[in-house]
1. Can we say Ser624 is more than 24 Å from Gly711 (Cβ to Cβ) and at pLDDT below 95?
2. State yes or no: is Thr256 farther than 24 Å from Leu279 by Cα, of a type in the set (Val, Ile, Thr) and either touching a Ser or Thr at 6+ places or on another chain (Cβ under 8 Å) or part of a loop (DSSP other than H, G, I, E, B) (or both)?
3. Does His516 satisfy the criteria of being crowded, with 18+ Cβ neighbours inside 10 Å and either free of Cβ contacts under 8 Å to residues at least 60 places away in the same chain or not in a strand (DSSP E or B) (or both)?
4. Count, please, the residues in region 372-430 that happen to be modelled with pLDDT of 90 or more, polar (S, T, N, Q) and under 27 Å from the mean Cα position of the chain (by Cα).
5. Of the residues Ser510, Ser435, Ser505, which single one is in contact with a Lys or Arg (Cβ under 8 Å, 6 or more places away or on another chain) and in contact (Cβ under 8 Å) with a residue 60 or more places away in the chain?
6. Inside region 609-625, can you point out the residues that are in a loop (DSSP other than H, G, I, E, B) and closer than 13 Å to Phe644 by Cα?
7. Step by step: first the residues of region 667-723, then only those that are of a type in the set (A, V, I, L, M) and surrounded by fewer than 17 Cβ atoms within 10 Å (Cβ to Cβ), then the one that is nearest to Asn634 (Cα to Cα). Which residue is that?
8. Could you grab me the full set of residues in region 558-591 that are under 22 Å from His635 (Cα atoms) and in a strand (DSSP E or B)?
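The values are calculated or read from the model by the stated rules, or taken from the named source; none is laboratory data. Since the structure is predicted, the reported quantities are computational estimates derived from the model, not experimental observations. Glycine also receives a Cβ, built like all others from the backbone with ideal geometry; neighbour counts cover every protein chain displayed.
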Amino acid sequence: MVISSHIFMSTLHHLILIFFISLLGTSSYLQLIKPVSCTKSPLFKCSKVEREALLSFKYNLTDPSVRLSSWVGEDCCNWLGVGCDNNTGNVIKLDLRNQFSWHGGFDQYQLYKKSCLRGKISSSLLDLKHLRYFDLSLNYFTGANIPKFLGSLENLRYFNLSFSMFSGVIPPHLGNLSRLQYLDLNSKYPTLSQSESLEWVVGFPSLKYLGMDNVNLEKVPDWLHAINVLPSLRELHLASCGLASLPSSISSINFTLLSVLDLSGNDFSTSIPQWLSHLTNLRSLNLGGNNLIGKIPNSFANPCNLQALYLSGNKINGGITEFVDGLSQCSNSSSEDGNLPSMQEIDLSGNQLNGTIPESIGKLSMLVSLNLADNQMSGTIPESIGKLSRLVSLKLQGKNSWEGGENSWEGGKNSWEGVLTEAHFLNLTRLKSLSFYMEVYAKATLVLDVKHDWVPPFKLTEIVLDNVRIGPNFPVWLKTQNELKHLQLNNVGISDTIPTDLWRSCPNVSLWSLSHNKLHGKVPYFQFHPSADYFDLSYNNLEGPLPLFHSNLGYIILRNNMFSGPIPKNIGQLLPTLQVLDLSSNSISGEIPHSIGMLKELAILFLGNNSLSRKLPHSMRNLSSLEELLLPQNHLEGELPSFFKNYSSLIGLDLGGNKFSGKLPAWIGESSPDLERLSLRSNLFHGDIPQQLCLLSNLWILDLAHNNFSGAIPQCLGNFSSDTFEEYMGEQMSLVSKGREDIYAVHQLSFVHFIDLSSNNLSGEIPVNITNVVDLVSLNLSMNHLVGRIPKEIGNLQNLETLDLSMNELYGPIPENLSSLTFLSHLNLSFNKLSGKIPNGKQLQTLNDASIYEGNSLLCGPPLSTKCSGNETKPRVTPNGGNGIANENGRASIESFSFYISMTAGFIVGFWGVCGTLIIKTSWRQAYFRGFDNLKDKIIVFVMVKIVRLLRKVKWERS
């Protein structure tokens, strides 16, 4: 009995072992995707064939972080990233995913680059015949195609090549991996990889996850038909694939188990199809960033299992009342609180939604995130929103104009009104992010009115209340928000001093933005958190010395205040990580300190509209990272420093309104090839405009006005490109256009293409090539010494709004096609030598101002009072051979006419005075011809004598 019991127990142990092995062999989808390497030694060591296959694979890779340094020794099952079957010793797992991502800032990106595997994928992997799990994601195989032979690893269940920079056509051979359950081919960029068909996915009957974000599928119009053959599919990611077709109907849906669907960032121009609501297992739906139109289908409230809906960045219109009402009636008995709706995330931002937020919003008690930003909604905010006790993020803002650029989607500007009280936040105990900002320059119609001693129920990490009236006093309740990381209260009507202990109350803030208020007094000391990066107190009434405290800040924006005194001499030591410094429009004096050269990461420096003086410090040669240098309206002097040659990344340079002098060096067109904006107006530069300036093919704004430049305008100025330029936060630029000086914000500059060479000593003709700059908006060549005609090709500048050629010496007729410039709104041709009839096209008729043509006495026709005689359109010939008139006051025309009359009269008098007398008086005629014959004889004798003497001389020389 003992033996039998022993045999029974042994058999039982074997059965249990077999059972667990079988469980291992049928591991679930969730176990498959868990990226854990085997670290325990299996019962059997890996085979020599598999070990050599792995070593060959390693040999073909570049491993800068030495991640594969453990790949030594006999037992490959103990190598990093290698997993073996504990029973057979076969290699079943190869997990070489990069532990770092490119997300998370500069330092994180550097770690990612250093840890990337590179090189070639060796075909030796085919010897790993039992491989089930293969992950090479987040590495860097740039330029390499996905190897076709990988389609022969027939035992693969998990296959991940995402974000590893593979390019080219995805090989359809992958369709041979019939046991695959997880396939991730997500690409970092849409231009890297593509697939010309999706028929190969038919080979995946067990596939549960398919990720192909950023894979170009433009040539696959029947993508939905191919996906519909995957009955086991749970997750589908086809974001930014260039898909243009979203069928409105489908005969039968086979992928009914689908729980996550991401089709964002494509180009669907239809309404939201109803068949999506038939996917009753759907938990998350993302259709954001398309061109979807129409309303939100009411049926979307019916699959009550839907937990997340993302429809941002479309053209969806209508209200949300019916949709929210439907959700509020939806119940799900499986939810953790019983009979409650399950919707947790709603993102409808960047659409064209209108109407108000319904009171029923308060019934969505499971809601965690609500985003209705950038729509066209209005009305009051219902107090019921304060019932959403699970709410973490609430974003109801209009378009965020503070970011300095246009939203990438065609959203709107929510216009909320009324009063927010404590009741609106009553139960929002979990709230972390609150955004209510409205359009910046709109009248603040939304007011936050809470008691002075109000203690909010939440601890926010982010608060953005731009253009919501909070002031005039600084909100005391902010002192309770000691978890804040992002504080943004722009244009909220605060007319107060900054509390001295504000930084102590909010010690973790990394973004401070209190601009466009009426803050006054001195700025108290700030001890910034080590992670603090952004500090903006611009457009206030703050005074005293510059608040430049020791910190790791990257951005300091203090423009448009009343700060005075010098820039601290130790600025380089105070702010070692500074990237953007904007101190413009204050009362800063003195010179730029030498230590500024220590700011090696400085990319943007704005010091305009101050009282800075003397030369630029030579230490600025170290600022090789500079992309924007704007120093206008100061008292800076000296020649253009040669260390500007170091600024190879420079995009914008504005030194206008200073005392810089000397010649414009040729290297300015060679050292900064990406320069897009150049303003040197109102300085003391002289000499020719160098031809090398034309090497700046990306130049959009060229302003050299009010200097002493001479010589001709370079013909090559017409070579400028029409590419768009980048935008930089906070940038403004002063441009003289349409007869006045305007300040252009950064997001407006992309629409201003500008050449101003006025008020110099330039001569010669207007170069015809300048009319090749077809995107030119403003051209000012006034107050020079230009001659010749206005180029007839001026009509090519179809975007021209401003043309000023006044106070030159231009002559000839005004080109007829000037009237075809439909955007022309400011024209000045006064004080030249133009002649003929003024063109009367439609656009010129709108410029009914005689002063446009003043000082051109030979012009005629409306709007001048001088009438035309009928032939003024014909070219006139001047005495010097040119077309036009050669006298500034017009008297040359009369003098020319008198000259021809006198010459004719003289000819008549001379001819008939001699010839007439000879005809009438016979004795005179006989005497005239007798004298002529005598003269003829004398001439003949003289010539013959000369010939005889010449012949005698030749004969004597020969003898």
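1. Yes, satisfied.
2. So Thr256 fails the test.
3. Working: crowded, with 18+ Cβ neighbours inside 10 Å: yes; either free of Cβ contacts under 8 Å to residues at least 60 places away in the same chain or not in a strand (DSSP E or B) (or both): yes.
Criteria met by His516.
4. Restricting attention to region 372-430, the residues satisfying the condition of being modelled with pLDDT of 90 or more are 372-396, 416-430.
Applying the additional criterion that residues be polar (S, T, N, Q) yields 375-376, 378, 380, 384, 389, 393, 421, 427, 429.
From the residues that got through so far, the ones that are under 27 Å from the mean Cα position of the chain (by Cα) too are 375-376.
So the count comes out to 2.
5. Working: Ser510 fails: in contact (Cβ under 8 Å) with a residue 60 or more places away in the chain; Ser505 fails: in contact (Cβ under 8 Å) with a residue 60 or more places away in the chain.
Step by step, each of Ser510, Ser435, Ser505 is checked, and only Ser435 is in contact with a Lys or Arg (Cβ under 8 Å, 6 or more places away or on another chain) and in contact (Cβ under 8 Å) with a residue 60 or more places away in the chain.
6. Leu616, Pro617, Leu623, Ser624, Ser625
7. Start the filter on region 667-723 by keeping residues that are of a type in the set (A, V, I, L, M), which leaves 668, 675, 678, 680, 684, 689, 693, 695-696, 699, 701-702, 704-705, 712-713, 717.
If we keep only those that are surrounded by fewer than 17 Cβ atoms within 10 Å (Cβ to Cβ) as well, we get 684, 712.
Numbers: Leu684: 14, Ala712: 29 Å.
Ranking the qualifying residues of region 667-723, first place goes to Leu684.
8. Answer for region 558-591, where residues must be under 22 Å from His635 (Cα atoms) and in a strand (DSSP E or B): Met562, Phe563, Ser564, Gly565, Leu581, Asp582, Ser587, Ile588, Ser589, Gly590.
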